[in-house]
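A quick write-up on the structure given underneath.
The values are calculated or read from the model by the stated rules, or taken from the named source; none is laboratory data. Quick caveat: nothing in here was measured; it's all calculated off a predicted structure. Quick reminder, even Gly has a Cβ in these numbers, built from the backbone with ideal geometry, and neighbours come from all protein chains shown.
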Amino acid sequence: MTRHGLTCLLLGAMAWGQAATSTPLPAPQKPAGENSSTAKTTEGAPQEGSPEASKVAPDAPVITIKGLCDQLAAKAPALECRTVITRAEFEQIIEAVQPSMPARVRRQFATRYANALAMSKKAEEMGLDKGPSYEEHMRLARIQVLSGELNKAMQEKASQITDKEIDDYYKNNLDKFEQVETNRIYVPKTQQPPAEESKDKKLSEEEQQKRTQASEQTMKTEADKLQARAAAGEDFIKLQEEAYQVAGIKSSAPNTSMGKIRRNMLPASQASVMDLKVGEVSAVISDQSGYFIYKLVSKVTMPVDQAREEIKGTLRSQRLQEEMKAVQESTTPTLDEAYFGPETPARGPVPPAGSPPSPAKPPSPPGPK
């Protein structure tokens, strides 16, 4: 069960009387051959979605809890004290908690729900449904439920997207649906120090800085040479292997074929690749992790029918963010710093993929994002 489902289960248990009936009903007849050792808290109702479950009538009891009823029924000796929950009532609970709850989980949920009803009834008998603590919990539960209902309503509204809106977005953002095939050479930013040198000699900070600067200049010069040779038509695989040799990397050179990529799969610093002409080789592109040289092999635009679901998801996300932003900006909370203290500074940005690798480990070329 998800965290959301467990939370809603507890909230549902507080209002157990809405989901269960304490009116005495005839005990449901058991099908012939049913084992009498069936679980006590359920009548062995078949899992939702199975052929057997579809045959259970909406008003048929699927959970029977003996010994749980209101005080009036408990005082009537002629009536059996029990609470019965029908299939329709149980599925209404599931719909509120987790509509997509798998069939294999529903039996566990039913058992836990029955136990929660018993505990809530005992709490009422002990008077725990009165007092400031209970009232505050109910107030917070109401806020949580209403927030969830608003979020659900916003999602439903944001999902109402017409075909015309999808077509208009596609026409206005054709560049987002371009797919290209490229070859790429990755040139590491620095050279790897010889293994024997790193063990026998420890450089001073000044010497290490000079070594790094010289190493970076060597690799930048090498990247320029490789770009010129690539533009002249030399094989990318051969050039990639040379880049690793100059860098002092012993591991195998990476594959130069990048397959099909789109603009949103590339780092911002490399997005200009999408603007190349077929057969054209890019200039050297500098990134935090190294240097990149691309050759555009082919370019096509994804058909609108193939992009329809993606566009629908994008528009839905945009609308939901706009709706949420409007609600949040409609109020302005002010926190007292004397009580809460000053606002904690936001954490620094996470280093982007492909940040300079440790000299002790050969770098791996970052792939498309």
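Brief remarks on what is shown
- Some residue of the stretch 145-164 being among the β-branched types (V, I, T) and under 30 Å from A123 (Cα atoms): yes
- Condition check for M274: in contact (Cβ under 8 Å) with a residue 60 or more places away in the chain and assigned to a helix (DSSP H, G or I): yes
- In the stretch 258-316, the residues that are basic (K, R) and over 18 Å from K171 (Cα atoms): K260, K277, K295
- Verdict on Q160 being within 41 Å of the chain's Cα centre (by Cα) and either not aliphatic (A, V, I, L, M) or not assigned by TED's automatic domain parsing to the domain that holds A231 (or both): yes
- Residue in the stretch 127-150 that is of a type in the set (D, E, K, R) and touching a residue at least 24 places away in the same chain (Cβ under 8 Å) present: no
- Looking only at the stretch 204-226, and only at residues there that are of a type in the set (S, T, Y) and assigned to a helix (DSSP H, G or I), the one that is nearest to S286 (Cα to Cα): T221
- Residue that is surrounded by the most Cβ atoms within 10 Å (Cβ to Cβ), among those in the stretch 228-245 that are farther than 18 Å from G279 by Cβ and touching a residue at least 24 places away in the same chain (Cβ under 8 Å): A243
- Out of K171, K152, sole residue that is part of a helix (DSSP H, G or I), charged (D, E, K, R) and under 30 Å from T301 (Cα atoms): K171
- Test: Q192 is assigned to a loop (DSSP other than H, G, I, E, B), closer than 30 Å to V281 by Cα and either in contact (Cβ under 8 Å) with a residue 12 or more places away in the chain or not assigned by TED's automatic domain parsing to the domain that holds V273 (or both): yes
- The lone criterion from (1) surrounded by 13 or more Cβ atoms within 10 Å (Cβ to Cβ); (2) in contact with a helix residue (DSSP H, G or I) (Cβ under 8 Å, 6 or more places away or on another chain); (3) not β-branched (V, I, T) left unmet by N264 is number (1).
- Against the test of being closer than 30 Å to L266 by Cβ and at pLDDT below 95, the options D175, D168, D163, D129 yield a single qualifying residue, D175.
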